[in-house]
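The values are calculated or read from the model by the stated rules, or taken from the named source; none is laboratory data. What you are looking at is a predicted structure, and each value in this text was computed from that prediction instead of being measured. Cβ placement follows ideal geometry from the backbone for every residue including glycine, while neighbour counts extend to all protein chains displayed.
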């Protein structure tokens, strides 16, 4: 997956013209710092609950539904998307925007691909989990379960 993201980013870097969309200043620095802190926090939370989370589906032997995985099904992808958006706010260039959009498209596609494999592996348990927990955007209100 990361090979696809990097290859697409390199192609976009050469195809999309360099042009700043707005000046970011201190807001950009704050956004980047916040994005990096969020990324580290989510990676720590995901790793502490599920050590095999970054592994392929074949290596995952247990469906984890607690901790950060009770809020979103793909917290690591969410952290990557937030970081990409913060990098864009830090350096608001058309090329960075194109790369961030490409990253989001690939991650959403990959998450759906992984979900099909997880559903095949964990069957009804994963289908029930999908009904209760959103894919990438956490709910901030409690809904009845």
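Remarks
- Test: residue in the range 105-127 that is surrounded by fewer than 17 Cβ atoms within 10 Å (Cβ to Cβ), closer than 22 Å to residue 21 by Cβ, within 19 Å of the chain's Cα centre (by Cα) and at pLDDT 95 or above: yes
- Number of positions in the range 23-45 that are more than 30 Å from residue 112 (Cβ to Cβ) and modelled with pLDDT of 85 or more: 7
- Qualifying residue in the range 54-67 (condition: in contact (Cβ under 8 Å) with a residue 60 or more places away in the chain and out of contact with any helix residue (DSSP H, G or I) (no Cβ under 7 Å at 6 or more places or on another chain)): yes
- Filter pass, residue 13 being farther than 30 Å from residue 130 by Cβ and either surrounded by fewer than 18 Cβ atoms within 10 Å (Cβ to Cβ) or out of contact with any strand residue (DSSP E or B) (no Cβ under 8 Å at 6 or more places or on another chain) (or both): yes
- Within the range 93-115, being closer than 23 Å to residue 15 by Cβ, touching a helix residue (DSSP H, G or I) at 6+ places or on another chain (Cβ under 7 Å) and touching a residue at least 12 places away in the same chain (Cβ under 8 Å) holds for 95, 97, 98, 99, 100, 102, 103, 104, 106, 107.
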